[in-house]
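For reference, the structure is listed below as structure tokens.
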Amino acid sequence: MKKIKKHNRSFAQSLAKDLNKGFLRLYWFIYTQIKYRYFTFKFNYKKKNVIDHGISVLIPTKNRSLKFNRMIETLIKNKNSEYKIEVLVLLDENEEEKTSYIKTIDKYKENINIFFYDKNFKTNSERINYLASKSKFEILLLINDDLNFCLAEWNQKICKEFSKIDMNKPFSLWLSTDDVKYNYFHSNFPVINKSWYNVLGYHSPSKYFQHWWSDNWICDLGKKSGKFLITKEIYFTHFNKFQKNQLDSLYIENESKRNGDKDFENWIKLDNVRKIDAKKLI
């Protein structure tokens, strides 16, 4: 299935697409708003307590020790110290900036539990799944090293959202960032619980894509299964490649490996796979 390019569409096709897009925006906006209010009402009505499920923060990183240091600083600065966190960091065995990474880890290991691994993998998804396999807590938060944690007590607030659901069943939480316009369509950093991971046997679909697509995959499974909530507050600001002075060697390397058209074709072809996995989550 190929996308019809804008200049090849007729007026009727363009109108139909715009109407469908508008309907979907309205539908998902209303659906997610009502769902969030319903879960919150139940939580407050039953006077439930916030449960500290513990958060495993997964960070595969490469050649970005300065950005990693900046991210860790904000993660620690804005966390609630009463709630459990572990940070799992994965580098390639031949990481050029390993000394700088280790210096940062040593600097902050008294403030937070940081576990460092160096192991080579072909794809980013394989890296993510490796870190997930090493995690010990019930909430799995995959992040990039180019984030800024801007929400005070972010970890307590994630635990509060997961306290609204049955942690024995798969569920995901879509964290909001400043660079996603329609947060009811997508989250760049969806969080999953251990039940989700255990049911599927993976965090990221490593068999299908070279890079990226993990967030799209989790969000689509959430939509198909209904197993998701969207947060109200902005958790991160994202220093992405489109911003001044943020384009680095890793962005360039990843872009050189990326085949956008092939990945999109795979995404369409794998819709039935996602439907099957979504049923497992229900």
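The values are calculated or read from the model by the stated rules, or taken from the named source; none is laboratory data. Computed from a prediction, not measured in an experiment: that's the story for all the values here. Here the Cβ positions follow ideal geometry from the backbone for every residue, glycine too, while neighbour counts run over all protein chains shown.
Among residues belonging to the range 165-221 that are more than 22 Å from Tyr130 (Cβ to Cβ), touching a helix residue (DSSP H, G or I) at 6+ places or on another chain (Cβ under 8 Å) and of a type in the set (Ser, Thr, Tyr), point out the one that is modelled with the highest pLDDT.
Looking at the filtered set, the residue picked out is Ser187.
Of the residues Asp179, Asp215, which is touching a residue at least 24 places away in the same chain (Cβ under 8 Å), surrounded by fewer than 22 Cβ atoms within 10 Å (Cβ to Cβ) and touching a Pro at 6+ places or on another chain (Cβ under 7 Å)?
Asp215
Can you pull out the residues in the range 141-170 that are farther than 28 Å from Lys42 by Cβ and of a type outside the set (A, V, I, L, M, F, W, C)?
Passing the criteria: Asn144, Asp145, Asp146, Asn148.
Would it be correct to say that Ser125 is assigned to a helix (DSSP H, G or I) and at pLDDT below 95?
Answer is yes for this residue.
Residues Ile252, Ile268: which one is modelled with pLDDT of 80 or more, surrounded by fewer than 12 Cβ atoms within 10 Å (Cβ to Cβ) and at negative phi?
Ile268
Assess whether Lys164 counts as being within 28 Å of Leu26 (Cα to Cα), over 15 Å from the mean Cα position of the chain (by Cα) and not polar (S, T, N, Q).
Yes, satisfied.
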